[in-house]
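Take a look at the structure below.
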Amino acid sequence: MNILITTAVNPTLDAFAASYAYAKLRQAVHEEASLGIAGAPDAPTQWIIGELKVNDVVHLESATFVYDVFIIINAIVDGVAQLLPETVNLNRVIEVIDRGIEVEEYKRFSIAHIIVEPVAALSTIVTERFVARKLPIDPVSTQLLYSAIYVATDNLEPRYTTPRDRAALRALMTQMNIPVTLVRDLFVATHPR
């Protein structure tokens, strides 16, 4: 069974990072999983893709492969269903991972296991999955998740950051020596003065 892990069209860094890393997690447990995106990622995502040389992403507008099932990360934001890639068959979505609170909109995913967590970052949820399974996180996923948590929490702004977000950052720092300039360079590159 091949799985497409995807997110809303024009992904944010948090949605992209969580989707990318979750595809790697599913591959680590011997599942056929791919990350596919549609639209243009936001500026922070484009910057980090270039910086980390991420090239193993399917661009769904030009994809011809047919997937058996789908996992969606970031399907609903503030109670509003996000625009999903046309490739996604809602009747074959087996899992949805989101942050916030569960709302009525999730009923459109009739067979999906719905996971909605009260954290600031989707990347926190995926990091917790790696930790729970005691799986190592590859260097690209580690840096994506770490950067995404910083962006999603507005640089660890206390109003947005949960203890779980902070714990995820600590867990990621045990995976590798993350370059100290990574987050700073991301913010400088994507927030010109």
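The values are calculated or read from the model by the stated rules, or taken from the named source; none is laboratory data. The structure displayed is predicted, hence computed values, not measured ones. With ideal geometry, Cβ positions are generated from the backbone for all residues, glycine too; neighbour counts draw on all protein chains shown. Ligands, DNA and RNA are excluded from the accessible area calculation, which covers all protein heavy atoms including side chains. Shrake-Rupley method; radii C 1.70, N 1.55, O 1.52, S 1.80 Å.
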Could you please find all residues in segment 108-162 being open to solvent by 60 Å² or more (accessible area, probe 1.4 Å) and touching a strand residue (DSSP E or B) at 6+ places or on another chain (Cβ under 8 Å)? Arg108, Ile111, His113, Pro118
Hey, can you tell me all the residues within segment 38-75 that are open to solvent by less than 60 Å² (accessible area, probe 1.4 Å), touching a strand residue (DSSP E or B) at 6+ places or on another chain (Cβ under 6 Å) and touching a residue at least 40 places away in the same chain (Cβ under 8 Å)? Val58, Leu60, Tyr67, Val69, Phe70, Ile71, Ile72, Ile73, Asn74, Ala75
Looking only at segment 108-123, count how many residues are in contact (Cβ under 8 Å) with a residue 24 or more places away in the chain, touching an Asp or Glu at 6+ places or on another chain (Cβ under 8 Å), farther than 13 Å from Phe16 by Cα and not aliphatic (A, V, I, L, M). 1
Could you tell me how many of the residues in segment 6-53 are over 16 Å from Phe70 (Cα atoms) and either within 14 Å of the chain's Cα centre (by Cα) or assigned to a helix (DSSP H, G or I) (or both)? 19
Checked segment 77-99 for anything under 17 Å from Ile37 (Cβ atoms), open to solvent by less than 50 Å² (accessible area, probe 1.4 Å) and in a loop (DSSP other than H, G, I, E, B); matches are Leu84, Pro85, Val88
Pick from segment 100-138, criterion assigned to a helix (DSSP H, G or I) and farther than 26 Å from Arg166 by Cα, ranking: nearest to the chain's Cα centre (by Cα): Tyr106
Those residues of segment 1-50 which are touching a Leu at 6+ places or on another chain (Cβ under 7 Å) and under 20 Å from Leu135 (Cβ atoms) amount to Ile5, Ala17, Ala18, Ser19, Tyr20, Ala21, Ala23, Leu25, Ala28, Ser34
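Can you tell me which residues in segment 142-161 are outside any helix (DSSP H, G or I) and within 17 Å of Val180 (Cβ to Cβ)?
Asn155, Leu156
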